[in-house]
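The values are calculated or read from the model by the stated rules, or taken from the named source; none is laboratory data. Small disclaimer: the values here were computed from a predicted structure and weren't measured. Note that each Cβ is placed from the backbone with ideal geometry, even for glycine, and that neighbours are counted across all protein chains shown.
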Amino acid sequence: MSGTHTSGGVVWLGSPAFPEAARSAVADTRLRTNLRKATGTIRDKRVAAAAELDDWEELRTAAAAIKRATLRHLDHHLLRLEESVTAVGGTVHWAADAAEANRIVTRLVRATGETEVVKVKSMATQEIGLNEALAAAGITAYETDLAELIVQLDDDRPSHILVPAIHRGRAEIREIFRERMGEWGKPAPEGLTDDPRQLAEAARSHLREKFLNTKVAVSGANFAAADTGTVAVVESEGNGRMCLTLPETLITVMGIEKVLPSFADLEVFLQLLPRSSTGERMNPYTSMWTGTVPGDGPRAFHLVLLDNGRTATLRDTVGRQTLGCIRCSACLNVCPVYERTGGHAYGSPYPGPIGAVLTPQLAGVERAASLPFASTLCGACYDACPVKIDIPEVLVHLRARAVDAARGGSLPTPESLAMKAAALTLATPRRLSFAQRAGALGSRLLARRGVLRRLPGPLHRWSDTRDTPAPPRETFRAWWRRTRPENQ
Amino acid sequence: MTTSRETILARIGSALTDVPKTERYDAAAISRDYRASHAGGHDVTALFAERAADYRATVTRTVHAPTAIAAALAERVPASLIIPDGFPAQWLPDEGGPRRLADRPPLSVRELDAAAGVLTTCAVAIAVTGTLVLDAGPGQGRRALSLLPDYHLCVVRAAQIAEDVPEALRRLNPRRPLTFISGPSATSDIELERVEGVHGPRTLDIVIVEPTTPAPGEAA
């Protein structure tokens, strides 16, 4: 992946800030057509699947309560998880940041003597840039999720949490398979068409060889139960089952916030996640394993517990709720901003509303200051969230932090200057009245047919995307004074 | 030297200064007002059959397992069929049909990949979601058996069908490797068009075996 670098431990994709990235994305009409169709389809399915359960709100409330209570005692649950996993033959590793997690995984792979690993789609390993770190150590990581395969073959970036190649149409996918599969392994069959069935068949046959031969797998985790040490991976295609079952060594990288107190808590999340994510009653495959089992599956199991900014997020009592995210992607599909810009504009593996709050917290607000502003605060994400993360609340909170962070710099920002000027103007009626007269005069000079199209100076950044109606000739205060004589 | 384990635990401790020192995690304090089941009084066997069929699995209800299994095999004609240890002998059709393979000694992954089909039991099924759960118990074998062959025929006893997810989890033993299967392997990664069959079995047949007369207290 070219142009990738890590900033604050979160893979940063060399993108410009959100406003610039969004501008080019919005101009891409094919991207917008793909996104509109895809998000629209999945939105309808999600609504139907959620509506089927008349206690959906109670499930959300329980999920939010479990996550909130778990985070308040995160150390306790992690220690319990460590004890449980160790007791059933697993090995637990702790990684304070991305670099350490990458070092641990690289060391574990090297210890097996292997130079190839198969991977189940995992947000955590994208976040830390594991594939790139392994490549630097001479280890090839094969993505096995169909969409991740498309993205990897094309040297592209995922643009959606659930459907990483949502920005690609079938004809593009056929070209990617025909041109690139041969470089990575078994080539695409002759005469491959753009029928999704044939494309899936090509992926099946391309990856089957990898599954049968590869001795090491790397996965993420959707959930881990502290009381039993059970880890769960939720998927559709069966590539997860392949990776979790066939190799001899399994390395799972898991954010520390994924821990659940008990196996029984899965009853809430296994009802919410598939319905929120793909709009299905249940996803095709869920694998759960508890340590190792003789004669069935990997002989060695390593669990890497990843911090990488999560404890900093935990510290912020407003932002903390973000750690409840179960990566369902429902918030992306309902977001009017995501629907128009797609995932790449967000510049990190976590796009959409959840990315706009998660990335600045994991990487540091000062490194992603434009992201909390990549929202209209319409609140659709909050309504869709199965764990009731109040994303608009966190966005507003992070906007304040971004402004505070900017204020720490030597030069005042245009906003802070404007706010200072406003405070000064509003301080006395006389100043306001003067400013209004000046404004009315100035705007009449600038307006065309009653609309201000371009404001002067630095203000053009506001007017570039908005038409402002010219103020009326007479202000309300002047009109009041004129029509209501003093003595009345 | 401070380990990362200590570092992370210390960071968590200092991040949670708003949590009173005396507060303990209390699972009982979490409101769980959601339903224990969404089966809504429906007949669970009928509900499971309907919901599993929604995923385009083929579902047959029978009182005589060998007949239904033979019929499914006659329809699919797999060249070979893995039969894991502990599969009930009385459910097997008479000889004939596909070549039968035992996983004893364990088949190599190449042999599993070359096998056309697998016949298993399950541990639990879930009516509301149309899900099968395998736990590598008798008649199911290790996880790879139901993964590599392209055809999976799974036999469910009616008594094994739980109403909904909470009941199913209570019936399961987390120490065993668990695989939840809801229809054949599928992807919607290309323009969100659902395609059955990527890496797992592309064809899933389910046979539900019902008692000839209601047998109260029959163990699952």
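Within the group A:Gly89, A:Gly9, A:Gly113, which residue is at positive phi and surrounded by 20 or more Cβ atoms within 10 Å (Cβ to Cβ)?
It is A:Gly9.
Which pairs do you get when a residue that is over 18 Å from A:Asn283 (Cα atoms), found in segment A:257-272, comes within reach of a residue that is part of a loop (DSSP other than H, G, I, E, B) and among the acidic types (Asp, Glu), reach meaning Cβ atoms under 8 angstrom, with the pair 6+ apart or on two chains?
From segment A:257-272, the pairs are A:Pro261/A:Asp227; A:Ser262/A:Asp227; A:Phe263/A:Asp227.
Hey, can you tell me all the residues within segment A:252-294 that are under 20 Å from the mean Cα position of the chain (by Cα), under 19 Å from B:Asp33 (Cβ atoms) and among the hydrophobic types (A, V, I, L, M, F, W, C)?
Within segment A:252-294, A:Phe269, A:Leu272 meet the criteria.
Would you call A:Thr278 modelled with pLDDT under 95, buried (at least 23 other Cβ atoms within 10 Å of the Cβ) and assigned by TED's automatic domain parsing to the domain that holds A:Ala124?
Yes: the conditions hold for A:Thr278.
Tell me, please, whether a residue that is surrounded by fewer than 24 Cβ atoms within 10 Å (Cβ to Cβ), farther than 30 Å from A:Arg168 by Cβ and more than 8 Å from chain A (Cβ to nearest Cβ) can be found in segment B:172-187.
Within segment B:172-187 (the criterion being surrounded by fewer than 24 Cβ atoms within 10 Å (Cβ to Cβ), farther than 30 Å from A:Arg168 by Cβ and more than 8 Å from chain A (Cβ to nearest Cβ)), the answer is yes, since at least one residue qualifies.
With respect to B:Ile190, determine if the residue is modelled with pLDDT of 95 or more and buried (at least 22 other Cβ atoms within 10 Å of the Cβ). Walk me through it before giving the result.
On the way: modelled with pLDDT of 95 or more: no; buried (at least 22 other Cβ atoms within 10 Å of the Cβ): yes.
Against the criterion (modelled with pLDDT of 95 or more and buried (at least 22 other Cβ atoms within 10 Å of the Cβ)), B:Ile190 does not qualify.
Matching residues to (1) in the same structural domain as A:Phe269 (by TED's automatic domain parsing); (2) under 15 Å from the mean Cα position of the chain (by Cα); (3) charged (D, E, K, R):
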site	(1), (2), (3)
A:Asn333	no, yes, no
A:Thr341	no, yes, no
A:Pro353	no, yes, no
A:Val357	no, yes, no
A:Ala369	no, no, no
A:Pro372	no, yes, no
A:Tyr382	no, yes, no
A:Lys388	no, no, yes
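Which one of these is modelled with pLDDT under 90 and within 21 Å of the chain's Cα centre (by Cα): A:Thr6, A:Thr29?
A:Thr6
If a residue counts only when it is of a type in the set (Lys, Arg) and in contact with a helix residue (DSSP H, G or I) (Cβ under 9 Å, 6 or more places away or on another chain), which helices (runs of 4 or more DSSP H) contained entirely in segment B:1-101 have at least 2 such residues?
Filter on segment B:1-101 gives B:4-15.
Within segment A:55-164, which strands (runs of 3 or more DSSP E) (wholly inside it) include 1 or more residues that are in contact (Cβ under 8 Å) with a residue 60 or more places away in the chain, of a type in the set (Lys, Arg) and more than 9 Å from chain B (Cβ to nearest Cβ)?
Result: A:116-119.
Out of curiosity, is A:Glu267 acidic (Asp, Glu), more than 28 Å from A:Thr39 (Cβ to Cβ) and within 10 Å of chain B (Cβ to nearest Cβ)? Steps first, answer last, please.
Details: acidic (Asp, Glu): yes; more than 28 Å from A:Thr39 (Cβ to Cβ): yes; within 10 Å of chain B (Cβ to nearest Cβ): yes.
Judged against the criteria, A:Glu267 is a match.
Which residues, counting only those in segment B:26-73, are at pLDDT below 95, in contact with a Ser or Thr (Cβ under 8 Å, 6 or more places away or on another chain) and surrounded by 16 or more Cβ atoms within 10 Å (Cβ to Cβ)?
Of everything in segment B:26-73, just one residue is at pLDDT below 95, in contact with a Ser or Thr (Cβ under 8 Å, 6 or more places away or on another chain) and surrounded by 16 or more Cβ atoms within 10 Å (Cβ to Cβ), namely B:Tyr55.
Within segment A:273-332, which residues are within 11 Å of chain B (Cβ to nearest Cβ), assigned to a loop (DSSP other than H, G, I, E, B) and small (Gly, Ala, Ser)?
Across segment A:273-332, the qualifying residues are A:Gly279, A:Gly291, A:Gly295, A:Gly297, A:Gly309.
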